[in-house]
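The values are calculated or read from the model by the stated rules, or taken from the named source; none is laboratory data. Because the structure is a prediction, the values reported are computed rather than measured. Cβ sites come from the backbone with ideal geometry, for glycine too, and all protein chains shown count toward neighbours. Side chains are part of the model used for accessible areas, which takes the heavy atoms of the whole protein and leaves out ligands, DNA and RNA. Shrake-Rupley method; radii C 1.70, N 1.55, O 1.52, S 1.80 Å.
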Amino acid sequence: MNAGPRAADMLPGAERLPALAQPILAWYARVARSLPWRAEPTPYRVWVSEVMLQQTRVETVLPYFERFVAALPDVGALAGASEPLLLKLWEGLGYYSRVRNMHKAARVMTERFGGRLPGSYEQLLTLPGIGEYSAGAVASIAFGIAVPAVDGNVLRVLSRLLACRADISQPRVKESFRAAARLMMPGEAPGDFNQAMMELGAVVCLPNAAPRCGECPASQGCEALRQHCADELPVRAPKKPRRIEQRTVVAVVSRGRVLLGLRPETGLLAHMRELPNFESFLSQDEIALRLAQWGAQGASLQRLEDGRHIFTHIEWRMQGYLARTEPFTPPDGFIWADEASLRDEHALPGAFKTYARHLPLWLAGNE
Ligand code: SF4
């Protein structure tokens with residue numbers, strides 16, 4: 001592995017970090033949460049948990065993790081799974097490209113690595129969806145390889161320990177923090193060390209003005225605490241504002257079934273089922289016209305509450321309608337789904353949850 005920039009050159013004060021590793025490890029041994037992937041840290045389970053935990057809180061991940069590894073207990077089962085099953089298991093967790101990349105990676109492992117995760121950091125990095133963070137986490141936790149795993153939590157802890165004001169969204173700065181973590185890493189238990197740093201960021205060195213410095217095992221060496229500037233760190237260049245899109249969502253319901261569309265093969269929510277929706281806010285006449293073009297005559301329309309969903313780069317502002325109609329033959333790509341198939345087969349993205357949560361009532365004809 002490339003040694004990367006020398007942390008001590010890039011980050012003044014980095015030479016003080018190794019002395020903080022033992023107190024942090026001792027703290028972690030005391031407080032580590034008992035989690036299913038920690039109790040049984042096989043490479044597959046560690047990988048699944050790390051992918052799920054990206055952008056997602058532990059409490060949210062727990063039931064998804066249990067369900068996923070029960071349905072797909074190993075790489076071979078994941079490689080052979082159908083896409084609808086994968087999306088169903090991931091339904092509501094968001095960032096669906098994560099599970100699609102896992103699927104691709106499992107197929108590569110089946111072809112090239114005997115149906116197992118490869119036990120080398122460099123080989124892990126060659127797999128779809130596995131970047132430096134995930135490769136570091138799996139290599140260190142599951143295989144005991146001494147490589148850092150620097151996620152957003154660890155970046156925050158390190159920038160505060162060093163009172164470093166470099167912009168952590170810059171690749172060069174991230175690389176220097178990885179070098180700092182490598183410098184800090186003790187000779188033994190690299191997986192515990194990486195998890196301890198992540199846990200410290202997740203439960204003690206909290207973002208904004210909320211760090212719990214009084215509970216921190218590294219407080220005696222923390223430069224941000226000394227300079228009273230923890231709430232200003234880490235520094236991150238402002239992100240581009242999200243593009244706001246107006247959408248009209250129409251839940252078309254007919255005799256206990258709801259009409260589902262299929263999103264394009266690429267782009268946002270690629271190839272997922274969805275409630276029919278249109279760009280911009282349409283009037284009721286415009287909606288009725290669109291439905292008539294699909295073959296739905298005389299639909300009764302009911303205005304629903306507004307919805308909002310935030311994606312990484314886009315925000316949807318939604319106006320919703322319930323359309324009750326007689327059955328009609330759906331246009332290409334659309335299907336009718338009843339309650340059982342919604343529950344067991346089709347995954348609806350969380351973007352539609354404002355409306356999807358009413359579906360059981362609407363399909364039962366109660367509202
Ligand atoms: Fe974070 Fe405070 Fe600990 Fe410094 S002392 S690492 S700011 S929690």
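Details
- Protection proxy ranking, highest mean first, for peptides 27-36, 252-261, 235-244: 252-261, 27-36, 235-244, where packing is the per-residue count of other beta-carbon atoms within 10 Å, averaged.
- Radius ratio Rg over Rh of the chain, counting only Cα atoms, Kirkwood formula for Rh: 1.05
- Protection proxy ranking, peptides 12-23, 303-314, average beta carbon neighbours within 10 Å, highest first: 12-23, 303-314
- Sparse-neighbour loop sites [trypsin sites (Lys or Arg not before Pro); the range 72-180; at most 15 other C-beta within 10 Å; DSSP]: Arg116, Arg165
- Shape analysis of the range 104-222 based on the Cα gyration tensor places the equivalent ellipsoid semi-axes at 29, 15, 12 Å, largest first.
- The chain - percent of accessible surface contributed by carbon and sulfur, probe 1.4 Å: 51
- The Ala29 and Ser341 beta-carbon pair, evaluated with R₀ = 41 Å, returns a calculated FRET efficiency of approximately 0.30.
- Local net charge near Leu89, Cβ-Cβ under 14 Å (Lys/Arg +1, Asp/Glu -1): 0
- Net lengthening on full extension, Ala77/Gln170 (0.36 nm per residue, minus Cα-Cα): 29.7 nm
- Taking the charge dipole of the chain about its Cα centre, with +1 at Lys and Arg Cβ atoms and -1 at Asp and Glu Cβ atoms, the residue from Ala189, Gly114, Leu125 reaching farthest to the positive side is Ala189.
- Simple Cβ-charge dipole of the range 186-341, Lys/Arg +1 and Asp/Glu -1, about Cα centre, in debye nearest 20: 440
- Positive contributions from Lys and Arg (+1) and negative ones from Asp and Glu (-1), summed over other residues with Cβ under 13 Å from the Cβ of Trp336, come out at -1.
- In a reduced charge model with +1 at each Lys and Arg Cβ and -1 at each Asp and Glu Cβ, the range 1-120 shows a dipole moment near 0 debye about its Cα centre.
- Per residue, the accessible area of the range 257-367 comes to 51 Å² when a 1.4 Å probe rolls over the protein heavy atoms.
- Cβ-defined net charge surrounding Thr312, 14 Å radius [Lys, Arg +1; Asp, Glu -1]: +3
- Close amide H partners of Glu245, meaning residues 5 or more places away or on another chain with modelled amide H under 5 Å apart, are Glu315, Trp316, Arg317.
- Fully extending the segment from Thr312 to Ala292, taken as 0.36 nm per residue of separation minus the present Cα-Cα distance, adds 3.8 nm.
- Each residue of the range 128-134 was assigned a 3J(HN,Hα) from its phi angle through the Karplus expression (A = 6.51, B = -1.76, C = 1.60, θ = phi - 60°), giving x, x, 9, x, 5, 5, 5 Hz with x at Gly and Pro.
- When +1 charges are put on Lys and Arg Cβ atoms and -1 charges on Asp and Glu Cβ atoms, the dipole computed for the chain relative to its Cα centre reaches about 500 debye.
- Mean accessible surface per residue for the range 158-253, computed with a 1.4 Å probe while every protein chain stays in place, in Å²: 48
- Which of Leu262, Ser283, Trp316, positive extreme of dipole for the chain (C-beta unit charges): Trp316
- Full-stretch length increase - Glu59, Lys104 - with 0.36 nm per residue and alpha-carbon distance subtracted: 13.5 nm
- Estimated [θ] at 222 nm from DSSP helical runs (n ≥ 4, -39500 (n - 2.57)) normalised by residues in the chain, nearest 500: -12500 deg cm²/dmol
- Between the range 144-211 and the range 258-329, the alpha-carbon center distance in angstrom: 43
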